[in-house]
Ligand code: HH2
């Protein structure tokens with residue numbers, strides 16, 4: 001069964017839960033609840049990447065996330081740090097994070113050398129442009145081929161900087177410079193990206209394409225999000241990044257059991 005990465009956003013402005021977990025104690029409580037629901041990884045982030053979001057200074061981002069990483073590390077569930085800044089990642093690794101989730105795929109030249117030196121896993125995500133600009137008329141020749149070529153190039157660059165190839169995962173970046181059609185194409189053809197040789201991470205949870213398809217506000221996209229996670233896993237994702245762990249876990253367990261015609265002990 002695909003692994004479930006539970007989202008812990010320590011931000012005032014994340015698109016679906018901004019401000020709810022800015023207080024570190026509440027964020028830790030939320031992370032623990034997601035772990036109890038069955039999260040395999042907890043992804044802690046201190047900078048929103050929603051369309052139009054402004055960058056957060058490193059000092060502020062560090063202050064938001066470090067106590068939360070520290071509070072959740074050692075709880076039996078690996079912690080990933082969702083950051084594009086190497087100095088934030090370094091401090092989070094010191095606090096117990098073992099995975100770096102970089103939505104800019106190592107735009108910071110220090111990021112890959114850091115991950116190599118510290119022996120952590122690295123998630124490289126595709127984004128077209130920056131959060132400020134990415135939704136302004138994104139265009140591709142073939143979105144799957146273009147995203148795949150970008151991810152391979154960044155993965156090879158990270159390898160050249162010393163990150164072991166088996167510690168690299170790639171993510172097509174659903175919603176990051178993509179139209180609804182691009183997102184659907186990527187989710188449907190995830191298997192082509194899996195053939196690149198790196199485990200696939202995918203995050204569709206509550207994103208706007210689900211709102212556009214279902215006509216639902218962000219607070220009411222659970223059904224669409226679960227469907228996207230199940231489809232992503234069926235098409236080759238090894239990790240699904242979600243806000244709603246319990247519902248996703250139930251759905252993946254049932255879908256996996258049907259697929260393998262097995263249940264309980266045998267499905268995981
Ligand atoms: N999406 C978001 C943030 N980080 N990381 C990966 N690897 N893949 C994703 O698709 C991804 C990500 C955006 O979602 P969220 O954290 O809920 O919102 P915000 O960026 O507004 O905090």
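The values are calculated or read from the model by the stated rules, or taken from the named source; none is laboratory data. In this text, all values refer to a predicted model and were calculated from it rather than measured experimentally. Using ideal geometry, Cβ is built from the backbone for each residue, glycine included, and neighbour counts are taken over all protein chains shown.
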_Odd one out for residue 190 among (1) at positive phi; (2) touching a strand residue (DSSP E or B) at 6+ places or on another chain (Cβ under 7 Å)_ = (1)
*asked:* Just the residues that are touching a residue at least 60 places away in the same chain (Cβ under 8 Å), more than 14 Å from the ligand (Cβ to nearest atom) and part of a helix (DSSP H, G or I), please, taken from the range 19-42.
replied: 37
_Taking the condition of being within 15 Å of the ligand (Cβ to nearest atom) and part of a helix (DSSP H, G or I), how many residues in the range 227-247 meet it?_
6
*State whether the residues of the range 138-148 include one that is on the phi > 0 side of the Ramachandran plot and either within 16 Å of the ligand (Cβ to nearest atom) or assigned to a loop (DSSP other than H, G, I, E, B) (or both).*
no
*Taking only the range 4-13 into account, find how many residues are free of Cβ contacts under 8 Å to residues at least 60 places away in the same chain and near the ligand (Cβ under 8 Å from one of its atoms).*
3
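Here is a yes/no grid of residues against (1) surrounded by fewer than 19 Cβ atoms within 10 Å (Cβ to Cβ); (2) in a loop (DSSP other than H, G, I, E, B); (3) modelled with pLDDT of 95 or more; (4) more than 13 Å from the ligand (Cβ to nearest atom):
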| position | (1), (2), (3), (4) |
| --- | --- |
| 186 | no, no, yes, no |
| 197 | yes, yes, yes, yes |
| 206 | no, yes, yes, no |
| 209 | no, no, yes, no |
| 213 | yes, no, yes, yes |
_Lone qualifier among 16, 95, 48 - being more than 15 Å from the ligand (Cβ to nearest atom) and either more than 25 Å from residue 155 (Cβ to Cβ) or surrounded by fewer than 19 Cβ atoms within 10 Å (Cβ to Cβ) (or both)_ = 95
*Does residue 70 meet the test of being at pLDDT 95 or above and either within 14 Å of the ligand (Cβ to nearest atom) or buried (at least 16 other Cβ atoms within 10 Å of the Cβ) (or both)?*
yes
